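> Would you mind keeping the following structure in view while I ask a few things?
The values are calculated or read from the model by the stated rules, or taken from the named source; none is laboratory data. Please read these numbers as outputs of a predicted model, since none were measured by experiment. Cβ sites come from the backbone with ideal geometry, for glycine too, and all protein chains shown count toward neighbours. SASA here: full protein model, heavy atoms, side chains in, ligands and nucleic acids out. Shrake-Rupley method; radii C 1.70, N 1.55, O 1.52, S 1.80 Å.
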Amino acid sequence: MPKVTYRAADGGERTLDVAVGLSVMEGAMRNDVEGIVAECGGSCMCATCHVYVDDTFAERMPSPSEEESEMLEEVIAERRPNSRLSCQLLITPELDGLLVHLPERQT
């Protein structure tokens, strides 16, 4: 299984095995990762699963959909060029070792 590391704003990290086909958000929710709220359960309607994709993986990510881009306008924390909604990032074997940075707050 691919590994995903969730790095909190305070620098703490959790590295988890996340099954191919699950989203980065689902991996976090199934393992009680603090910092991802996911109020809408992954339907790209709330922006409370906002993450910053580490620069080392930015080019491997598909471009955000129009819907995701619109929701990223609603994030509470600073929006950056590497901001993504973790519910829209599906795990593939190529993403093994993915590092995502969690914002200081989601709501």
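> Between residue 9 and residues 5 or more places away or on another chain, which pairs have amide H atoms under 5 Å apart, with H built 1.01 Å from N, and which residues are they?
For residue 9, the qualifying residues are 102.
> Next up: Taking the chain as the region of interest, what is the percent of Cα-Cα pairs per 10 angstrom bin, listed from the shortest bin to the one with the maximum distance?
Bin by bin from 0 Å, the calculated values are 17, 55, 28, 0.
> Would you mind calculating the gained length between residue 69 and residue 92 on full extension (0.36 nm times residue separation, minus the Cα-Cα distance), in nm to one decimal? Intermediate results must be reported in sequence, preceding the final value.
Values: separation 23, 0.36 × 23 = 8.28 nm, distance 2.15 nm.
Gain in length upon complete extension: 6.1 nm.
> Let me ask something additional. Given points 7 Å out from each Cα along the Cα-Cβ axis, report the residue 58 to residue 79 separation in nanometres with one decimal.
1.7 nm
> How big is the C-alpha Rg of the range 18-75 next to the rule-of-thumb value 2.2 N^0.38 Å, as a ratio?
1.13
> Counting only the heavy atoms of the protein chains, how much of residue 71 is accessible to a 1.4 Å probe, in Å² to the nearest 10?
The value for residue 71 is about 40 Å².
> What does the extension gain come out to for residue 20 and residue 40, with contour length at 0.36 nm per residue minus their alpha carbon separation?
5.0 nm
> Determine the order of 26, 68, 73, 104 by accessible area, beginning with the largest, at a probe radius of 1.4 Å. Could you put the intermediate results ahead of the total?
Values: 26 60, 68 5, 73 125, 104 170 Å².
Result of the area sort, largest leading: 104, 73, 26, 68.
> Calculate one ³J(HN,Hα) per residue across the range 10-16 by plugging θ = phi - 60° into the Karplus curve 6.51 cos²θ - 1.76 cosθ + 1.60, and present them in order as whole Hz with x for glycine and proline.
7, x, x, 10, 9, 10, 10
> What trypsin sites (Lys or Arg not before Pro) does the range 1-97 have in DSSP loop regions with at most 15 other beta carbons within 10 Å? Before the final figure, lay out the partial values.
Values: sites: 3, 7, 14, 30, 60, 79, 84; in loops: 79.
Here the trypsin sites (Lys or Arg not before Pro) that fit, given the DSSP loop and packing criteria, are 79.
> Quick one: 3J(HN,Hα) in Hz for the range 63-68, Karplus 6.51/-1.76/1.60 with θ = phi - 60°, rounded, Gly and Pro as x.
Here the 3J(HN,Hα) series is 5, x, 5, 4, 4, 5 Hz.
> What is the magnitude of the charge dipole of the chain about its Cα centre, with +1 placed on the Cβ of each Lys and Arg, -1 on the Cβ of each Asp and Glu, and no other charges, expressed in debye to the nearest 20?
The dipole of the chain has a size of about 220 debye.
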